[in-house]
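Note sheet for the following structure.
The values are calculated or read from the model by the stated rules, or taken from the named source; none is laboratory data. The structure displayed is predicted, hence computed values, not measured ones. We place every Cβ from the backbone using ideal geometry, glycine too, and count neighbours over all the protein chains shown.
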Amino acid sequence: MISFQTIGVEMPAINQDRIRAWVQAVAADYGRRVGDIAYIFVDDEEILRVNRQFLQHDYYTDIITFDNSSTISIGGDLFISLDTVHSNADEIGFSYEQELHRVIIHGILHLCGINDKGPGEREIMEAAENRALEKLNKEISTNK
C-alpha cells in the first residue's frame, strides 16, 4: 500500500492514484513488487531534524529514504521536503511538478537498489529517473 502524509505542510496537488500506478510500474521494471510505502511531505526544518536525528547529517536535502524492503517487496518511509523541491526546481529551471515527480521516483529507485553516491552511480540514477519520468509523461499524455 502506498500512502501520502504531511507534517507541517499542505498536501501537494498530485494525483495519488496515478502516482501509485506509476510507482508500481517502475518497481515492476526492476522486478520488484510494492509493499508498504509512506510518502511523508515535510518542510525544510522537519527534513533537517530527521536528517540530524537518524542519519547524523546536518544539512537540508530533498528526500530521505528509509528502506524497509524485504526479499518479496519494496517498502519504506520517504520523507520529502517540499521547500527543497521548490528551491531545486527554481535552481535547475524545471517546474515544481516535474521536480516533485523526480524526487518521488528517486526514492523508489533507491528501494529498487539503485544508488547515487559512488563513482558513476549518479549518472545511472539520473538515467533511471529519466526513464521513469518518460513513463509517467506518456501515461499522462495518453489519459488527458
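Selection of first residues in segment 90-105 that are small (Gly, Ala, Ser) and of second residues that are at pLDDT 95 or above and assigned to a helix (DSSP H, G or I), restricted to Cβ pairs under 9 Å at least 6 apart or on distinct chains, gives the following pairs, ordered by first then second residue: 95/89.
Among the conditions (1) under 16 Å from residue 19 (Cα atoms); (2) acidic (Asp, Glu); (3) modelled with pLDDT under 95, residue 77 misses just one, which is (3). Within segment 1-31, the set of residues being assigned to a loop (DSSP other than H, G, I, E, B) and of a type in the set (Gly, Ala, Ser) comprises 8, 13, 31. Could you tell me whether any residue of segment 32-44 is without any contact (Cβ under 8 Å) to a residue 60 or more places away in the chain, assigned to a helix (DSSP H, G or I) and more than 25 Å from residue 137 (Cβ to Cβ)? Yes, because at least one residue in segment 32-44 is without any contact (Cβ under 8 Å) to a residue 60 or more places away in the chain, assigned to a helix (DSSP H, G or I) and more than 25 Å from residue 137 (Cβ to Cβ). Out of the residues in segment 71-86 that are under 22 Å from residue 33 (Cα atoms) and not β-branched (Val, Ile, Thr), which is surrounded by the fewest Cβ atoms within 10 Å (Cβ to Cβ)? Selected residue: 73.
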